[in-house]
Structure formats: C-alpha cells, structure tokens
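The values are calculated or read from the model by the stated rules, or taken from the named source; none is laboratory data. Only a predicted model underlies this, so the values are computations on that prediction, with no experimental measurement involved. Cβ placement follows ideal geometry from the backbone for every residue including glycine, while neighbour counts extend to all protein chains displayed.
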Amino acid sequence: MLQLDNCVTTSHLDILSTRIHWFIQMRWIFITILLLFCCVAGLFYPVIDVEKFLALGFFLVALNVVYLVIDKRTKKRYSSSTQIYVFIGTQFVFDYIVLSLFLYYSGGVANPLIYIFLFNVIISCLLLPNALVLAITFSSIVFFLALAFMSQFGIIPYYPFPLVWQGIIIPKPSNVLFLIEAGCFVLVIAVMLYFVANITALLRKREELLRGTINELKMMEDVRMKTMMHVAHDLKAPLAAAQSSIKSVADGFVGPISEKVRSILFNAYRRCHNMTAMVKDMFDLIRFDEQIMRGELIAERFSLGALMDNVKEQFDSPYHGKSIQWDIKIDGTIEINANVGQIGALLSQLVSNAIKYSGDPVNISISAEKSGDDLILVVNDDGVGISVEERERVLDEFYRTVKAKKMEKDGVGLGLAIVQKIVKFYNGKISIDDGPEKKGTTFTILLSNVMDVRGPQAFVGTDLERAARRRFFEPCEESPKEIENKW
C-alpha cells in the first residue's frame, strides 16, 4: 500500500496549505456567531446559562489563535502530507468536541442545530483522506451520543433546549423519542458521509489521473525540447562547414568549374542557407520555452517607441534586396511592463514576414494604442496575404501557406509560431485579417496587463536607451536573392 507522502505532489501540498488557512479563517465566522449569541442571550434571555457558551467561545478563540501561529510559522514549509493531515485532523477533533459540548448544553439531540455536524463532515471529506475522515467522524459521533445518552438517563445533568423567542423551554424527550431522534441523526450522518466520501474519492482519482497526464505531457514536452536542441546544435557546425566548403569550391579555390557544377553548388548552398535559418528559429523557439519553464523571463518598464526604433534600424538596410516604406504610429509616451526581448522578437518576426512575402518596395504600417491595462498592436503589410482557410493553421509550427511557398521556397514556418507563443504568454489574442483594400495582411495583437503601472518596481529604473539598443532579431547574412546575385 502506498504511503500518503508518495501520493501527494508538491503542488498538492501547496493546495492543502492554502486550504488550511481558509479553514482557519472560516472558523472565525462560527466564533463570531457564538459570541454574538452569548451577548444577545445574556441581555434578553436570562433563562439561558451563557457562561458555558462563553467558555466554549473563548476556548475556540484560543485554539484558533494557536492554529494561526502554527500556520504562519510553517507556511509553505510543510514537508509532507502526513504533517498537513495531522494538523487538519487535530483541528477537526477539537471542533467536534466543542460542537458536541455546545449541543449538549443546548438540548442534545433535541436541538435542531445538531445537523451542523453535516457541515463538518463535508469539509473534512474535502480536506482529509476518507479513512481519516471516517475515524474522526465515528469517534466524534460516539462522544456526542455518549453525552446525550448519559444526560437522557440521568447520569449527568440534562440541559433543555430553550425556545427563547416563545419564552418556553422544551422538556426532556421521552426515551422512545430520544432513541428515534438519535437514530435519525446517525442515519443522516452515515448516508451523507457515504455519498460525500465516494464523490470526493472519485474526484481525487480523476485529479490524480489528470496530474499524471499533465506530468506525462511535461515530460514529453521536455523530451521534444531537448531533442530539438540537440538536433539544432548538431546541425549548426556541419552546416557552417558545408556552406564554407561549397563557397570555396564555387569561388574557384580548388580549380575552375563548369556552369552546371556551379548551378548544383548554388542549390546546395541555398539549401544549407535554409537549414541555417531553420536552426536559428528552432533555437529561438526552444530558448523561449525554456525561459518560461524556468521562470527566467524578467519584466522591464520600457518605451515601446524606442524599441520599435531599434527594430526598424535592423531592417533599414536593404533586407532581401528590398526597400521598405515605414508608417509607424506609436506614441512616444507609451511605456509597457514586459520582457523587452520577447516584445522585440514579436515585432521583428512580423516585420521579417512582411518583407519576405511582399513586393518591392515593401509598405509596412505599425500602430499601437492603449486599452486600459492592455496594449493593442496592429501590423499591416501589402504582401501576398493569407487565405481565410489558412489563418488558423498559419500560427502552427512549421506550417507555411500555399502563397508563401510559391513566393519564397526556402522558408521554415516557425516565425508566426514564435509570435503566437509570445502572445499566449501575455494572455493575449492575435487575429489575422485582410489588409486595406483586400491587399496584404493585418495582424491585430492584444497583450493583456502590459500597461499596468504597478509593474515590477525593481525594473522601473531600467536604462531605456540601453534596452532599446539591444538586438532581438538577427537576420541571416544573405537572403536567397542576394545569394543568387552573387552566383
């Protein structure tokens, strides 16, 4: 049989510790109601002996203070599930004792508040293993019924239930009525415990299956990332060597070559160039996933306009042999809280795609506006566009549209996948529409909460100029057209 510690993961320990705090806070509600009852009864209903209820109330206050101190001292430091279950179980034991004494002093099984036990049964099933719930509930019911039986048959004093609003006190019930009331109470508790315990057991099994599935998916994702990283790393050096060797042969360092050989070398060089671009994009994608998993992405408060100027500089020189006409509408006062590298990569990938799949000159329009704490970014180009049928798939890894393949044969299909990951990281949305006059493509991106001025205070003083000068996108040294021109 598995030990409790082996069945509960660290994340589950965190959930249980949170529930402990919630359970302690909830107890203050019952304490407040009990003390208010004592105050009202003492002022208006002297027939009720409030001293005993006050003693129970103050005892419960003392216990809850002790629970709070223990919880604060061990917060986020529970080493095992057993430690948490013992702490929660101890609370339930004392709660049942206080509840049993409260009911004993107010009529026993004749008190309709006896069914408050059901509330504790439900809560205990949510927090504790079923075996522990059964043991604590059974012991508590036995303790309460022992008090009730002893008071009913004169072994200890009997305290009647007062109907204070009618000015009468309910007398002790007959033995037969007492047994019926006690039997109904036990039956209701047993039925409720059976159903709640079975439902919570089923939920726990499904939770364990879900947690196991999540762990398997994480392991598969980790294997995928490591495989891609190894493949990309192993390809990088051979590709560089192959490109260098092909170029050397083409330049005549090993002797003259025919045009037919030159054409074959050109195709080989272009394929190597395409693989190099794919390796770079794979590295970008893997690095981004790793940064998310390891929590290494740091937020900074920076100027979006300064960042856009930096991106623009990277493409101002003829990229892919094309000139670019910019139309940038970004207010210089817009500052956002985000990871500057991510936002730079997002802008760079969109601009790069616009250049690759547009004619010459390239017309690119970029605008940004605030929407509460969100940022709405719009990037428009006059390129080949994306058909309605392909707009959902174009954000998948390694997917390229039909038009893109025709215009640029040597593509990878990772650029927009990187954009999609960045947008999802900020709980944002990305929509793809036709450009103005049904020409080109318009990307509308919403990034959530990046305008919040309460962002990480440690980064408010970041050197924006230094951040803006960073390079976020390293285009390949030669575009396919530039390669062809050289050959």
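Remarks
- Any hit, segment 210-222, residues being farther than 30 Å from Cys125 by Cα, outside the structural domain of Ile123 (by TED's automatic domain parsing) and surrounded by 12 or more Cβ atoms within 10 Å (Cβ to Cβ): yes
So that you can scan it fast, the table gives a plain yes or no per residue for (1) under 21 Å from Phe398 (Cα atoms); (2) surrounded by fewer than 11 Cβ atoms within 10 Å (Cβ to Cβ); (3) of a type outside the set (Val, Ile, Thr):
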{"residue": "Met228", "(1), (2), (3)": "yes, no, yes"}
{"residue": "Ala242", "(1), (2), (3)": "no, no, yes"}
{"residue": "Met275", "(1), (2), (3)": "yes, no, yes"}
{"residue": "Ile286", "(1), (2), (3)": "yes, no, no"}
{"residue": "Asp289", "(1), (2), (3)": "yes, no, yes"}
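- Residue check for Ile328: free of Cβ contacts under 8 Å to residues at least 60 places away in the same chain, closer than 24 Å to Glu313 by Cβ, touching a helix residue (DSSP H, G or I) at 6+ places or on another chain (Cβ under 8 Å) and in a strand (DSSP E or B): yes
- Residue within segment 331-350 that is more than 26 Å from Phe425 (Cα to Cα), part of a loop (DSSP other than H, G, I, E, B) and in contact (Cβ under 8 Å) with a residue 40 or more places away in the chain present: no
- Scanning segment 290-329 for residues that are modelled with pLDDT of 75 or more and of a type in the set (Phe, Trp, Tyr) turns up Phe302, Phe315, Trp326.
- Contact annotation: residue pairs with Cβ atoms under 6 Å, 6 or more positions apart or on different chains, pairing a residue in segment 119-145 that is touching a residue at least 12 places away in the same chain (Cβ under 8 Å) and small (Gly, Ala, Ser) with a partner that is assigned to a helix (DSSP H, G or I) and crowded, with 18+ Cβ neighbours inside 10 Å, are Ser124/Phe92; Ser124/Val133; Ser140/Tyr96.
- Filter pass, Thr200 being in contact (Cβ under 8 Å) with a residue 24 or more places away in the chain, of a type outside the set (A, V, I, L, M), within 30 Å of Phe143 (Cβ to Cβ) and surrounded by 14 or more Cβ atoms within 10 Å (Cβ to Cβ): yes
- Where Ile286 falls short, out of the listed (1) under 29 Å from Ala338 (Cα atoms); (2) β-branched (Val, Ile, Thr); (3) without any contact (Cβ under 8 Å) to a residue 12 or more places away in the chain: (3)
- Pick from segment 440-450, criterion surrounded by fewer than 19 Cβ atoms within 10 Å (Cβ to Cβ) and in contact with a strand residue (DSSP E or B) (Cβ under 6 Å, 6 or more places away or on another chain), ranking: modelled with the lowest pLDDT: Ser448
- Gly252 on the phi > 0 side of the Ramachandran plot and either loosely packed, with under 11 Cβ neighbours inside 10 Å or not hydrophobic (A, V, I, L, M, F, W, C) (or both): yes
- Cβ pairs under 6 Å, 6+ apart, first in segment 379-393 and more than 12 Å from Pro436 (Cα to Cα), second surrounded by fewer than 17 Cβ atoms within 10 Å (Cβ to Cβ) and among the aliphatic types (A, V, I, L, M): Val384/Met407
- Residues (among the small types (Gly, Ala, Ser) and under 23 Å from Ile334 (Cα atoms)) located in segment 371-388: Ser371, Gly372
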